[in-house]
Every structure is written in structure tokens, then in C-alpha cells.
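The structure under discussion appears below in the form of C-alpha cells.
The values are calculated or read from the model by the stated rules, or taken from the named source; none is laboratory data. Note that the coordinates shown come from a computational prediction; the quantities given were computed from them, not determined experimentally. Counting neighbours? That spans all protein chains shown, and the Cβs are built from the backbone with ideal geometry, glycine included.
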Amino acid sequence: MNIDRIAIDSDKGVMSARQKGRELAISLGIAGSDLTLMATAIFEIARNIVQYAGHGEIEFRSIVQEGKRGLQIIARDSGPGIADIGEAMRDGFTTSRGMGLGLPGARRLMDDFEIFSEPGKGTTILMTKWER
């Protein structure tokens, strides 16, 4: 298993994570609209890290499951956490001035999506895009 990490603490980190995700996905055979969808999800999650936690990291892992290759993305921060994940995953819910589409949008764009969060301890998001 190959693992790459990108520190997320500024717009530069957000863009670096998006680019690293694209590069790794291409090397795994993920292409076309799937590549665009995945890069958009990475951007949204990384931007949330900067906006709400200030800093964190995104880890990329090349994985194989049942003969299919995929890119697993693990986003971690030690920010304020999310008190109500169900509410945060609802379209339009926001605690800032945004449109409230970041988390639910990322969930729709990826093949697999899980979120774990504890108030005061941070958030971890695990998402995967599989080759077609």
C-alpha cells in the first residue's frame, strides 16, 4: 500500500491535496468525470479543514478490493468537531456563510464516504473513488 500525506493549513495545501489526488487517481486508472468528481470532493473537504479547524492533513492510499483499484482519501483535523453529523450532512446546513453543500456534496461525489467526529476532538473523513 502506497501512502502520501499533504498538510492542510492554507489555500496552498488545499490545491496541493487536490492535485496530488488527481495524480494518484490517474495512476490507478481513474479518469474522465470520475477524476473531476473526486478532485472536487477533495477540494471541498480540504477547504473545510482550513475554514473550521485551521489545519489538518489529507492522506492518500492506493487500495485494491475484490480486484478493483481505488484511491482512499482520509482527511483528519483536530478542530472543534461536529456536534450533529446528521444535520451537517443535510444540504443547505452551514455554520458559516457558505451554501452548506461541502460535506453532503463530497458524499455524493465519492463512491464510499464515512465521517467520524467528536466535539472538541476533531473530525476524520474516509472516502474512496474506485476505478470503473
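Taking the range 1-94 as the region of interest, the strands (runs of 3 or more DSSP E) fully inside it that hold 3 or more residues being touching a strand residue (DSSP E or B) at 6+ places or on another chain (Cβ under 6 Å) and crowded, with 20+ Cβ neighbours inside 10 Å are 56-65, 68-77. Residue pairs whose Cβ atoms lie under 7 Å apart, separated by 6 or more positions or on different chains, with the first residue in the range 39-59 and without any contact (Cβ under 8 Å) to a residue 24 or more places away in the chain and the second part of a helix (DSSP H, G or I) and among the charged types (D, E, K, R), are Ala39/Arg18; Ala39/Arg22.
Table: residues versus (1) within 13 Å of Trp130 (Cα to Cα); (2) out of contact with any Lys or Arg (no Cβ under 6 Å at 6 or more places or on another chain); (3) of a type outside the set (D, E, K, R).
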site: Glu23; (1), (2), (3): no, yes, no
site: Ala31; (1), (2), (3): yes, yes, yes
site: Met38; (1), (2), (3): yes, no, yes
site: Ala41; (1), (2), (3): no, yes, yes
site: Gly54; (1), (2), (3): no, yes, yes
site: Ile58; (1), (2), (3): no, yes, yes
site: Arg61; (1), (2), (3): yes, yes, no
site: Ile73; (1), (2), (3): yes, yes, yes
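Please go through the range 111-132 and pick out each residue that is more than 22 Å from Arg22 (Cα to Cα) and surrounded by fewer than 18 Cβ atoms within 10 Å (Cβ to Cβ). Phe116, Glu118, Pro119, Gly120, Lys121 - these are the residues of the range 111-132 that are more than 22 Å from Arg22 (Cα to Cα) and surrounded by fewer than 18 Cβ atoms within 10 Å (Cβ to Cβ).
The residues listed here are Gly79, Gly105, Gly100, Gly122; of these, the one that is at pLDDT below 80 and either in contact with an Asp or Glu (Cβ under 6 Å, 6 or more places away or on another chain) or small (Gly, Ala, Ser) (or both) is Gly100.
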